[in-house]
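Asks: Structure in structure tokens, see below.
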Amino acid sequence: MAYIVRIARAAELQIEAFATYLTDYSDELAFEQRDRLVRILSVQLAESPNTWSYFALTGAPYRAYLFRVGRRTHYWIIYTVDDEAKVVEVLSFWNSARDPLTLEF
């Protein structure tokens, strides 16, 4: 049974900033990566969120999926899983190049 994926407001804002960043390169790239991100959230995280390990910077209960765009652009999709309620809560779409001390939920 699939999980419900919820996206926190902070993560929504980070995803919007990411989309704007990609649009500066090209609309085609932005649409392609948006579609990839939607697939990851709606298929991979919704169907098997416990596949990915706990986030190295925080540990449990936070899990993380590394979303890669090319060789140098990486974002962590940081989320929690409530197995009883079947809910995945995406808390952050965090640029991995940032200082780890800037990570907030």
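Throughout, read-outs are computed from the coordinates displayed, never taken from laboratory work. All of these numbers come straight from a predicted model, not from anything done at the bench. No Cβ is skipped: glycine too gets one built from the backbone with ideal geometry, and neighbour counts run over all protein chains shown.
Asks: With +1 on each Lys and Arg Cβ and -1 on each Asp and Glu Cβ, how big is the dipole of the chain about its Cα centre, in debye rounded to the nearest 20? All intermediate terms of the calculation are to be shown ahead of the outcome.
Replies: Working: 11 positive and 14 negative charges, 56 e Å.
That gives the chain a dipole magnitude of about 260 debye.
Asks: Another one. 5 Å is the cut-off here: which amide hydrogens, built 1.01 Å from N in the peptide plane, fall below it relative to Tyr3, excluding neighbours closer than 5 in sequence?
Replies: It is Glu47, by chain and number.
Asks: Within the range 1-86, report the GluC sites (Glu not before Pro) that DSSP leaves as loop and that have at most 13 other Cβ atoms within 10 Å.
Replies: Numbers: sites: Glu12, Glu16, Glu28, Glu32, Glu47, Glu84; in loops: Glu84.
Those satisfying the criteria are Glu84.
Asks: Moving to a separate point now. Once you place label points 7 Å from the Cα toward the Cβ at Arg6 and Ala56, how far apart are they in nm?
Replies: So the two model labels end up 3.0 nm from each other.
Asks: Another question about this same structure. Let a ≥ b ≥ c be the square roots of the eigenvalues of the Cα gyration tensor of the range 50-105; is it rounded (a/c under 1.5), or, if not, prolate (a/b larger than b/c) or oblate?
Replies: Working: a/c = 2.27, a/b = 1.64, b/c = 1.39.
Cα axes put the range 50-105 in the prolate bin.
Asks: Test of understanding: what is the full-extension gain from Ala17 to Asp99, defined as 0.36 nm times their sequence separation minus their Cα-Cα distance?
Replies: Working it through step by step, the gained length comes to 27.8 nm.
Asks: Based on DSSP H runs of at least 4 residues, each adding -39500 (n - 2.57), what is the mean residue ellipticity at 222 nm of the chain after dividing by all its residues, to the nearest 500 deg cm²/dmol?
Replies: Values: 2 runs with 28 residues, N = 105.
Dividing the helical sum by the residues of the chain leaves -8500 deg cm²/dmol.
Asks: Shape of the range 4-96 from its Cα gyration tensor (a ≥ b ≥ c, root eigenvalues): rounded if a/c is under 1.5, otherwise prolate when a/b > b/c, or oblate?
Replies: Working: a/c = 1.99, a/b = 1.68, b/c = 1.18.
Since a/c reaches 1.5 and a/b is larger than b/c, the shape of the range 4-96 is classed as prolate.
Asks: Against the longest alpha carbon principal axis of the chain, how many degrees, from 0 to 90 and to the nearest 10, is the axis of helix 27-39 turned?
Replies: Between the helix axis and the principal axis of the chain, the angle is about 10 degrees.
Asks: Using only Cα atoms, locate the centre of the range 19-43 and the centre of the range 1-17, then give the distance between them in Å, rounded to an integer.
Replies: Here the two parts' Cα centres lie 14 Å apart.
Asks: Of the trypsin sites (Lys or Arg not before Pro) in the range 29-105, which ones lie in a loop per DSSP and count no more than 15 other C-beta atoms within 10 Å?
Replies: Numbers: sites: Arg34, Arg36, Arg39, Arg63, Arg68, Arg71, Arg72, Lys86, Arg98; in loops: Arg71, Arg72, Lys86, Arg98.
Those that pass, being in a loop and sparsely packed, are Arg71, Arg72, Lys86, Arg98.
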